[in-house]
Amino acid sequence: MTEPDIHDHRRHRRFPERLAFTLNNPIRRFLEPPERLISKLALRPSEVVMDFGCGPGFHTIPLARIASRTIAVDVSQRMLEKTASNARKSGVKVELARSDGIDLKLADGSVDLVFLHHVFHEIENKPGVLKSFLRIIKPSGRLVIVERTHGSRLLAGRLGPPIIDQMEVAQEIERTGFAVMQTILHGNDSAIVGRKP
C-alpha cells in the first residue's frame, strides 16, 4: 500500500453533518480540551473573534468565554443550530452567520482574529475566502489556520483531517497579503498565524 500524497487534501470532502456528535462531546473535550489550544493564541478580552467553520461550537464556546464578541460562521445551518444550542447551555453569547466565506456580511476591519480549525483544507475557493478575511480583519489583526501537519499518513483523511504541508498554507496566506508571524505546534497540528499588515 502506498502512502497518500500530501496534496490529497485538495480532494477532501466536507465533514459529514451526520457525524457532528464526534466534533463536540465530553470524550473529545477530555482528550483534547479546546482551551489548551486557545490559550496559545494570546487572545485578549477586548477582541472580536470569528470562528470560521465552527461546526457545533467546540472551539466557539471557549473563544466566547474570552473575547468581547464571538461570531460563529459555518456553511451548514444545522451546525449553526448546534452551536447556538451549545452556546445557550454554556451560558455564552455567540453571533451566528451562515456563509461559505465569500459573502461575509461583516464590516471592513471589524474583526481582530479569524480562527479556522481543520477547515482550510475543505475550502474550495481559498483565494476568494482569504481575500474576504483580509477585508474584515483589522490592521494588525490575525488569521489563525489550524491544520493537521503530522501523524500517520495511512489514517489521514480517513479518520480525521488530511495531513497538509504547513508551508503550503503559509504560502497561500502570504499570496493574499498576510504576513506569516509564527507557527504554533499543537500535538499533530500546526497553527499558522498570519497578520494583516
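The values are calculated or read from the model by the stated rules, or taken from the named source; none is laboratory data. Keep in mind it's a predicted model, so treat the numbers as computed, not measured. Positions of Cβ are generated from backbone atoms using ideal geometry, with glycine treated the same way; all protein chains shown enter the neighbour counts.
Quick notes on this one:
- Checked across the stretch 148-163, the condition of being modelled with pLDDT of 95 or more and crowded, with 18+ Cβ neighbours inside 10 Å holds for no residue.
- Test: residue in the stretch 126-147 that is at pLDDT below 95, among the charged types (D, E, K, R) and either surrounded by fewer than 18 Cβ atoms within 10 Å (Cβ to Cβ) or over 13 Å from residue 50 (Cα atoms) (or both): no
- Scanning the stretch 178-197 for residues that are without any contact (Cβ under 8 Å) to a residue 40 or more places away in the chain and among the β-branched types (Val, Ile, Thr) turns up 180, 183.
- The stretch 76-99, residues that are at pLDDT below 95 and in a loop (DSSP other than H, G, I, E, B): 76
- Within the stretch 78-90, residues that are under 12 Å from residue 53 (Cα atoms) and surrounded by 17 or more Cβ atoms within 10 Å (Cβ to Cβ) reach partners that are modelled with pLDDT of 95 or more and among the acidic types (Asp, Glu) with beta carbons closer than 8 Å, at six or more positions or on different chains, in the pairs 80/74; 83/74.
- Looking only at the stretch 65-111, and only at residues there that are among the small types (Gly, Ala, Ser) and within 15 Å of the chain's Cα centre (by Cα), the one that is farthest from residue 196 (Cα to Cα): 76
- Residue 175, sole failed condition from (1) in contact (Cβ under 8 Å) with a residue 40 or more places away in the chain; (2) closer than 20 Å to residue 63 by Cα: (2)
- Some residue of the stretch 13-27 being surrounded by fewer than 19 Cβ atoms within 10 Å (Cβ to Cβ), of a type in the set (Asp, Glu) and modelled with pLDDT under 65: yes
- Residue list for the stretch 100-117, restricted to those being without any contact (Cβ under 8 Å) to a residue 60 or more places away in the chain and within 17 Å of residue 59 (Cβ to Cβ): 101
- Across the stretch 59-77, the number of residues qualifying as over 10 Å from residue 49 (Cβ atoms), surrounded by fewer than 17 Cβ atoms within 10 Å (Cβ to Cβ) and touching a strand residue (DSSP E or B) at 6+ places or on another chain (Cβ under 8 Å) comes to 2.
- Flag for residue 160 being closer than 24 Å to residue 79 by Cβ and more than 14 Å from the chain's Cα centre (by Cα): yes
- Inside the stretch 105-134, residues that are outside any strand (DSSP E or B) and closer than 22 Å to residue 46 by Cα make up a count of 8.
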